[in-house]
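Structure, as structure tokens:
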Amino acid sequence: MLPFFLKLIMNNKNSIFFFISIVLLQILITFYSQNFILTDDLYRLVVGSQMTDRQFQSYLEFIHKWQWMSYLFVPLSLFFRISYTYICLKAGSYIFERFTKTSFLEICIQAEIVFTVGSFAGLLYTEFFANAQTIKQLYVNPFSLLIFFSESVPKWTNYFFNTLNIFEFGYVLLLAYIIAKKSENSTISSLKFVSSTYLPGLALWVLLLSYLSVVFQP
């Protein structure tokens with residue numbers, strides 16, 4: 001899948017520019033979060049009371065040692081998310097025999113700007129408005145339904161409620177808009193196509209991760 005993805009993206013300079021720009025923006029957001037939000041003092045606040053000083057120091061050493069992995073995860077997560085959306089749209093175009101000549105990869109990359117804006121908005125919310133007392137609170141999307149139910153729903157539903165957020169909704173709308181613009185079809189027609197291809201794929205992904213969270217839940 002990776003060689004195919006690289007071959008497609010290299011054939012379009014706009015796609016290369018968008019992908020690299022999004023990766024750099026996400027890395028900057030991750031860097032700020034790691035260095036100015038997820039500080040040692042915050043870790044001491046949320047988990048320090050549950051450990052001895054020696055255990056907490058070992059905990060911090062482990063985090064600092066593997067912190068670089070979060071930067072590697074940025075392009076990888078973008079690759080998988082873009083690829084998964086591309087597969088959903090491309091497969092749907094053959095099944096429904098619509099938009100078969102549309103450049104879905106370029107569209108998926110451009111639409112990622114919604115999630116980048118969402119990451120930045122989440123960073124601002126955490127920096128200026130959140131009062132985190134637990135690690136779990138740091139990973140609750142403040143623009144999702146989970147913000148209302150985080151303490152009252154089973155843990156395995158967290159990903160589901162986190163996915164129901166305004167930026168996911170905006171992503172669907174932007175996908176439909178770009179598809180309509182590039183294919184010269186109506187936005188309503190494109191929205192129906194996205195709803196019948198990407199949304200079922202997203203539902204399957206959410207169900208899979210929810211199932212895995214039940215299986216591996218401590």
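In the stretch 2-215, taking the dipole from charged Cβ atoms about the Cα centre, the farthest positive-side position among ILE95, ILE107, LEU123 is held by ILE95. Candidates SER210, PHE73, SER15 compared by Cα position along the dipole of the stretch 2-215: farthest toward the positive end lies SER15, with charges placed on Cβ.
What are the DSSP H helices in the chain that stretch 20 Å or more along their long axis, judged by alpha-carbon atoms, and whose average Kyte-Doolittle hydropathy comes to at least -1.0? Sorted by number, the helices that extend far enough and score high enough are 13-32, 69-95, 113-128, 166-183, 187-215.
Set the Förster distance to 22 Å, then compute FRET efficiency between ILE20 and TYR177 from the Cβ-Cβ distance, nearest 0.05.
Values: r = 23 Å, r/R0 = 1.04.
Approximately 0.45, to the nearest 0.05.
Report the local net charge at PHE56: Lys and Arg +1, Asp and Glu -1, summed over other residues whose C-beta lies under 13 Å from its C-beta. If you can, show how the numbers build up before the last one.
Details: positive: ARG44, ARG54; negative: ASP40, ASP41, ASP53, GLU61.
So the surrounding residues net to -2.
Here's how it looks for LEU145: its modeled amide H is under 5 Å from those of LEU164, which are all 5 or more places away or on a different chain.
Here is the tail figure for the stretch 142-202: Cα pairs spaced more than 15 Å apart come to 56 percent of all pairs.
Computed over all pairs of different Cα atoms, the Kirkwood value for the hydrodynamic radius of the chain is 19.3 Å.
Listed peptides 18-25, 59-66, 122-129 appear in the order 18-25, 122-129, 59-66 once ranked by packing, highest mean of other Cβ atoms within 10 Å at the front. When the helices of the chain are scored as -39500 (n - 2.57) per DSSP H run of n ≥ 4 and the total is divided over every residue, the value at 222 nm lands at -24000 deg cm²/dmol.
Every number here is computed from the coordinates shown, using simple stated rules; none is lab data. All of these numbers come straight from a predicted model, not from anything done at the bench. Note that each Cβ is placed from the backbone with ideal geometry, even for glycine, and that neighbours are counted across all protein chains shown.
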